[in-house]
Amino acid sequence: MDTTMAQQILGEFIGTLVLILLGDGVVAADVLKKTKSENSGWVLITFGWGLAVTIGVFVSGYLSPAHLNPAVTLGMAMAGDLPWGSVLPYFLAQMAGAIVGATLVWIHYKPHFDETEDQMTKLAVFSTAPAIRDTMSNLIGEIIGTFVLVFGILAFGRSSFTDGLNPIVVGLLIVSIGMSLGGTTGYAINPARDLGPRIAHQILPISGKGDSDWGYAWIPVVGPLLGGAIAALLFGLIP
């Protein structure tokens with residue numbers, strides 16, 4: 001890919017913005033009051049997130065590697081597929097894109113936020129929370145889910161796909177992780193996906209919102225980074 005660093009940063013920003021706009025958007029559509037798709041369920045959410053990743057990669061892939069995820073960026077750097085000097089700029093672009101994307105979700109669904117009384121439901125649009133709060137189990141869940149994601153992406157990168165098929169396969173991987181492993185923590189598997197929108201929840205003037213659950217916030221950041229790093233290390237051991 002013959003692009004400048006500025007173009008790559010822009011690509012990571014745009015792609016992550018679209019990822020969060022569509023991903024958090026499908027959660028909003030499901031959980032907020034008086035939407036046309038209220039209470040559609042987990043299948044809608046998992047497919048919505050898979051499509052969000054696919055579209056995010058497609059719209060930004062001509063500018064950057066379209067990682068859209070600090071855990072993927074870290075894994076690619078550890079695997080030797082990305083210069084280490086690109087890691088921090090990618091991280092910052094992904095975080096900024098996530099914050100802007102989450103803000104757009106709030107703007108789009110504002111009347112439905114106003115109609116929704118439950119504080120945790122409003123927070124759920126922005127960030128993940130565990131079904132059962134157990135620190136070690138929640139951390140392990142995020143590690144495992146992200147391990148599958150990053151190991152899969154590394155393996156896909158060594159395979160031959162028809163042009164344009166790779167983002168679709170990655171989207172299907174997201175759907176699979178969500179359906180099979182996401183029922184415990186909500187499968188952040190992406191530090192920017194959780195932390196960026198959580199920051200947006202903290203600073204936006206959302207009517208009737210509660211706190212942003214910062215006591216849990218480290219798990220969907222540390223867990224995915226560890227999972228991505230472990231995946232890269234183990235993938236590197238394969239001949």
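The values are calculated or read from the model by the stated rules, or taken from the named source; none is laboratory data. Since the model is a prediction, treat every value here as computed from it, not as a measurement. Don't worry about glycine lacking a Cβ; one is built from the backbone with ideal geometry, like all the others, and counts go over all protein chains shown. Ligands, DNA and RNA are excluded from the accessible area calculation, which covers all protein heavy atoms including side chains. Shrake-Rupley method; radii C 1.70, N 1.55, O 1.52, S 1.80 Å.
Figures for the structure shown
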{"quantity": "Range in the chain, longest, excluding exposed chymotrypsin sites (Phe, Trp or Tyr not before Pro) [loop by DSSP; at most 11 other beta-carbon atoms within 10 Å]", "calculated": "63-213"}
{"quantity": "Extent along principal axes [Cα atoms of the stretch 58-155; Å; largest to smallest]", "calculated": "48, 34, 21"}
{"quantity": "Selected from I140, I45, I132 as most flexible by GNM, with the chain as the system and alpha-carbon contacts under 10 Å", "calculated": "I132"}
{"quantity": "Helix 135-157 vs. the chain, principal-axis angle (Cα, 0 to 90°, nearest 10)", "calculated": "40 degrees"}
{"quantity": "Among M76, I144, I132 - extreme Cα towards positive end, dipole of the stretch 1-157, charges at beta-carbon", "calculated": "I132"}
{"quantity": "Residue-averaged 222 nm ellipticity for the chain, from DSSP H runs of 4+ at -39500 (n - 2.57), nearest 500", "calculated": "-22500 deg cm²/dmol"}
{"quantity": "Cα convex hull volume per residue for the chain (Å³)", "calculated": "116 Å³"}
{"quantity": "Note, ³J(HN,Hα) from phi for the stretch 36-46, Karplus 6.51, -1.76, 1.60, rounded to Hz, x at Gly and Pro", "calculated": "6, 10, 4, 6, 6, x, 5, 4, 4, 5, 5"}
{"quantity": "The stretch 1-140 - accessible surface per residue (Å², probe 1.4 Å)", "calculated": "46 Å²"}
{"quantity": "Net dipole in debye of the stretch 102-239 [+1 Lys, Arg Cβ; -1 Asp, Glu Cβ; about Cα centre; nearest 20]", "calculated": "300 debye"}
{"quantity": "Within the accessible area of the stretch 131-207 (1.4 Å probe), percent carbon and sulfur", "calculated": "66 percent"}
{"quantity": "Relative contact order %, the chain, counting alpha carbon pairs below 8 Å whose residues are six or more apart", "calculated": "29 percent"}
{"quantity": "Loop sites in the stretch 70-163: trypsin sites (Lys or Arg not before Pro), DSSP, at most 10 other Cβ within 10 Å", "calculated": "R158"}
{"quantity": "For the stretch 126-239, diffusion coefficient by Stokes-Einstein and Kirkwood Rh (Cα), 25 °C, 0.890 mPa s, µm²/s", "calculated": "163 µm²/s"}
{"quantity": "Size of electric dipole in the chain: Cβ of Lys, Arg +1 and of Asp, Glu -1, about Cα centre, debye, nearest 20", "calculated": "60 debye"}
{"quantity": "Degrees, to the nearest 10: 191-203 long Cα axis against longest axis of the chain", "calculated": "30 degrees"}
